[in-house]
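Have a look at the structure below, then the notes.
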Amino acid sequence: MSADGAAFISCCCIICSNPSAGYILRAVVRDFEGAAVTMADDKWTESVRSVKGVILDMCGVLYDSGEGGGVPIEGSVEAVKRLKASDLQLRFCTNETQATREKFVAKLCRMGFEINVSEVFPPAPAVVSVLKQRNLRPHLLVHDDVVPEFDGVDKSNPNCVVIGDAADNFSYENMNAAFRVLIGLEKPVLFSMGRGRYYKETDGLKLDVGVYMKALEYACDVEAEVVGKPAPMFFQTVLNDMGLQPHEVFMIGDDLVNDVGGAQQCGMKGLQVRTGKYRPSDERHPTVTADGYVDNLAAAVDAILKHRCP
Amino acid sequence: MTQLSFSLIDWSWHLVAVKFVTNTTKECKRTLHERLLRLKFDIEEQEIFTSLTAARNLLVQKAVRPLLLVEDSALEDFAGIETSDPNAVVIGLAPDHFNYQMLNKAFRLILDGAPLIAIHKARFYKRKDGLALGPGPFVTGLEYATDTQAAVVGKPEKTFFLEALRDLNCSPEEAVMIGDDARDDVGGAQNTGMLGILVKTGKYRAGDEGKINPPPHGTCDSFPEAVDHILQHLLEPK
């Protein structure tokens with residue numbers, strides 16, 4: 001930050017990881033306030049003008065979870081209102097598995113967010129759908145509060161295991177019970193609701209479901225089926241609901257690999273926010289480069305709406 | 001038991017050096033030795049080399065202060081090592097510590113740069129009530145969480161076998177490993193240049209001999225048969 005407020009360039013000469021984009025050399029210019037804006041301004045303007053929908057990650061973008069259910073991130077409530085007031089389609093895509101969809105949305109409404117259940121896409125309903133399709137009976141290793149999502153599912157004599165973000169339920173005994181179900185099956189099937197490494201709570205970073213997925217994969221020599229971000233089918237379900245093509249949609253998230261990278265793999269643009277589980281090393285990731293890095297959701301919405309016709 | 005003792009006597013006549021190696025992390029060397037003595041094995045404490053000793057040696061070498069995720073009964077092998085304000089994480093077989101709170105604590109240290117030392121990465125072990133998760137799955141999970149790799153000190157790492165052989169004054173090619181775990185005992189030893197004999201006791205399951213490449217030099221029903229094989233076929237005539 002020089003005295004005359006001039007910008008400095010941090011350069012990344014990487015071929016964008018988005019296979020369908022084909023553009024190269026994205027240099028990021030930081031203005032003296034620290035907000036990142038793409039250098040190729042006309043490219044950014046062009047993408048923003050053609051965008052018809054936005055998908056938002058929730059934890060780490062709208063709010064930080066923790067004691068008392070969570071705390072909204074500054075500016076996020078207003079940012080959601082602004083998106084809803086615009087002509088853009090809006091959906092929420094989350095790997096939240098610590099509550100049923102209804103309770104989770106109710107919690108967010110209490111924080112001031114204007115969100116409907118029908119706009120929210122978490123993994124549990126998707127897993128239930130898959131279990132029913134394939135006649136599978138699950139052994140659940142999940143948070144107590146998401147168990148009701150599986151009420152309509154036969155859980156007797158399990159022939160598969162479903163894990164979610166179980167937090168304190170990830171005890172050794174519970175992990176062992178899940179392991180024993182899998183190791184005893186001729187064809188072990190393991191569903192993991194997401195594969196995140198960690199998430200942020202108000203009292204620090206905490207291990208996410210992906211860690212325990214890897215543990216069971218290693219123990220049983222099996223590969224988990226991921227339901228939730230970054231599985232392409234999960235994003236596709238949301239796109240189908242919006243009736244939009246991937247290139248018409250921006251995904252905004254705090255998880256570089258699962259939100260941004262996952263969205264880019266499907267052909268969407270991915271914006272990384274510097275809230276939630278973001279760490280500065282995310283901007284030097286070996287394989288994923290976001291289409292833009294913004295301080296928070298409010299800044300992302302500013303950047304998007306600025307170039308759109310009123 | 002008589003047959004076993006007889007084989008050991010034969011052994012000393014052939015001037016063969018012996019080391020007893022184990023990945024056990026649930027008890028310190030002293031209590032392990034006492035337990036073997038109670039079972040009537042005639043073994044000296046210095047003939048035992050454990051993965052806990054290997055871990056301690058690494059901690060001293062790196063001059064770090066560990067958060068020890070090991071059973072209380074194993075702590076004696078780390079006596080004298082500073083553990084306050086930890087800047088390293090050591091993981092052994094410690095079901096009591098594999099809860100969410102403790103693993104989060106370990107995770108945060110590693111994310112901040114603390115090296116992760118795994119005593120071994122066994123996937124599971126046999127308990128009275130069935131199979132149970134070993135430390136391997138939790139180490140793998142933490143490696144994934146932090147995008148780092150653990151330094152593994154126990155079997156099947158080459159360093160473990162080489163260190164076990166160090167004071168026996170013999171090269172790996174002059175040594176034979178007898179074990180019940182195809183991957184960790186036999187595979188690891190053969191990878192170091194030793195010969196490996198798989199015994200069909202303990203955690204052996206049918207078909208294990210086909211799971212490693214190259215296959216075991218030999219597969220025997222049990223330890224006494226393995227010893228007989230060595231005495232009859234592998235030793236140079238005196």
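For this structure, a couple of remarks:
- When residues in segment B:172-194 are screened for being part of a strand (DSSP E or B) and either more than 13 Å from B:Ile212 (Cβ to Cβ) or not aliphatic (A, V, I, L, M) (or both), 3 of them pass.
Yes/no per residue for (1) within 8 Å of chain B (Cβ to nearest Cβ); (2) more than 18 Å from A:Lys277 (Cα to Cα):
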| position | (1), (2) |
| --- | --- |
| A:Ser171 | yes, yes |
| A:Met175 | yes, yes |
| A:Arg180 | yes, yes |
| A:Glu186 | no, yes |
| A:Phe191 | no, yes |
| A:Arg195 | no, no |
| A:Tyr199 | no, no |
| A:Val209 | no, no |
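- Residue among A:Val222, A:Val249 that alone is more than 14 Å from chain B (Cβ to nearest Cβ), more than 22 Å from B:Thr148 (Cβ to Cβ) and aliphatic (A, V, I, L, M): A:Val249
Listed here are the residues, each with its yes/no results for (1) away from chain A (no Cβ under 13 Å); (2) touching a residue at least 24 places away in the same chain (Cβ under 8 Å); (3) assigned to a helix (DSSP H, G or I).
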{"position": "B:Pro86", "(1), (2), (3)": "yes, yes, no"}
{"position": "B:Leu93", "(1), (2), (3)": "no, yes, no"}
{"position": "B:Gln101", "(1), (2), (3)": "no, no, yes"}
{"position": "B:Ala114", "(1), (2), (3)": "yes, yes, no"}
{"position": "B:Pro137", "(1), (2), (3)": "no, no, yes"}
{"position": "B:Leu142", "(1), (2), (3)": "no, yes, yes"}
{"position": "B:Thr148", "(1), (2), (3)": "no, yes, no"}
{"position": "B:Lys155", "(1), (2), (3)": "yes, yes, no"}
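- Selected residue (criterion: surrounded by the most Cβ atoms within 10 Å (Cβ to Cβ)) from residues of segment A:117-169 that are within 14 Å of another protein chain (Cβ to nearest Cβ) and outside any helix (DSSP H, G or I): A:Gly164
- Among the conditions (1) in contact with a Lys or Arg (Cβ under 9 Å, 6 or more places away or on another chain); (2) assigned to a strand (DSSP E or B), the only one that A:His247 does not satisfy is (2).
- Within segment A:77-121, considering residues that are in contact with a Leu (Cβ under 8 Å, 6 or more places away or on another chain) and of a type in the set (Gly, Ala, Ser), the one nearest to A:Asp254 (Cα to Cα): A:Ala79
- Being closer than 25 Å to B:Lys19 by Cα and either in contact with a helix residue (DSSP H, G or I) (Cβ under 8 Å, 6 or more places away or on another chain) or acidic (Asp, Glu) (or both) is a condition met by no residue of segment B:100-108.
- Test: A:Met251 is modelled with pLDDT of 95 or more, within 30 Å of A:Trp44 (Cα to Cα) and either buried (at least 22 other Cβ atoms within 10 Å of the Cβ) or aromatic (Phe, Trp, Tyr) (or both): yes
Conditions (1) touching a residue at least 40 places away in the same chain (Cβ under 8 Å); (2) hydrophobic (A, V, I, L, M, F, W, C), marked per residue:
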{"residue": "A:Leu90", "(1), (2)": "no, yes"}
{"residue": "A:Thr97", "(1), (2)": "yes, no"}
{"residue": "A:Ile115", "(1), (2)": "no, yes"}
{"residue": "A:Glu119", "(1), (2)": "no, no"}
{"residue": "A:Lys132", "(1), (2)": "no, no"}
{"residue": "A:Leu136", "(1), (2)": "yes, yes"}
{"residue": "A:Glu149", "(1), (2)": "yes, no"}
{"residue": "A:Asp154", "(1), (2)": "no, no"}
{"residue": "A:Val161", "(1), (2)": "yes, yes"}
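- Counted residues, segment B:195-238 - those being in a loop (DSSP other than H, G, I, E, B) and in contact with a strand residue (DSSP E or B) (Cβ under 8 Å, 6 or more places away or on another chain): 8
- Whichever residue in segment A:265-287 is in a loop (DSSP other than H, G, I, E, B) and touching a strand residue (DSSP E or B) at 6+ places or on another chain (Cβ under 8 Å) and, among such residues, is farthest from A:Gly196 (Cα to Cα): A:Met268
- Residue match in segment B:188-207 (condition: under 12 Å from the mean Cα position of the chain (by Cα) and more than 14 Å from every other protein chain (Cβ to nearest Cβ)): yes
- Take the conditions (1) modelled with pLDDT under 95; (2) surrounded by fewer than 16 Cβ atoms within 10 Å (Cβ to Cβ); B:Asp181 misses just one of them, which is (2).
- Of everything in segment A:89-113 that is surrounded by fewer than 20 Cβ atoms within 10 Å (Cβ to Cβ) and aliphatic (A, V, I, L, M), the residue that is nearest to A:Met233 (Cα to Cα) is A:Leu90.
- Which listed residue is on the phi > 0 side of the Ramachandran plot and surrounded by fewer than 21 Cβ atoms within 10 Å (Cβ to Cβ), from A:Gly276, A:Gly243: A:Gly243
- Scanning segment B:116-135 for residues that are outside any strand (DSSP E or B) and more than 9 Å from every other protein chain (Cβ to nearest Cβ) yields B:Ile119, B:His120, B:Ala122, B:Lys128, B:Asp129, B:Pro135.
- So A:Val301, is it buried (at least 23 other Cβ atoms within 10 Å of the Cβ), in contact with a Lys or Arg (Cβ under 6 Å, 6 or more places away or on another chain), assigned by the TED database to the domain that holds A:Leu56 and farther than 22 Å from A:Val227 by Cα: yes
- Condition met for B:Leu67 (crowded, with 18+ Cβ neighbours inside 10 Å, at the interface with chain A (Cβ under 8 Å from one of its Cβ atoms) and not small (Gly, Ala, Ser)): no
- Residues of segment B:1-47 that are among the small types (Gly, Ala, Ser) and at pLDDT 95 or above: none at all.
- Selection status of B:Ala164, assigned by TED's automatic domain parsing to the domain that holds B:Val90 and part of a helix (DSSP H, G or I): no
The values are calculated or read from the model by the stated rules, or taken from the named source; none is laboratory data. The shown structure was predicted, so the numbers you read here are calculated from the model rather than taken from an experiment. So basically every Cβ, Gly included, is an ideal-geometry build from the backbone, and we count neighbours across all protein chains shown.
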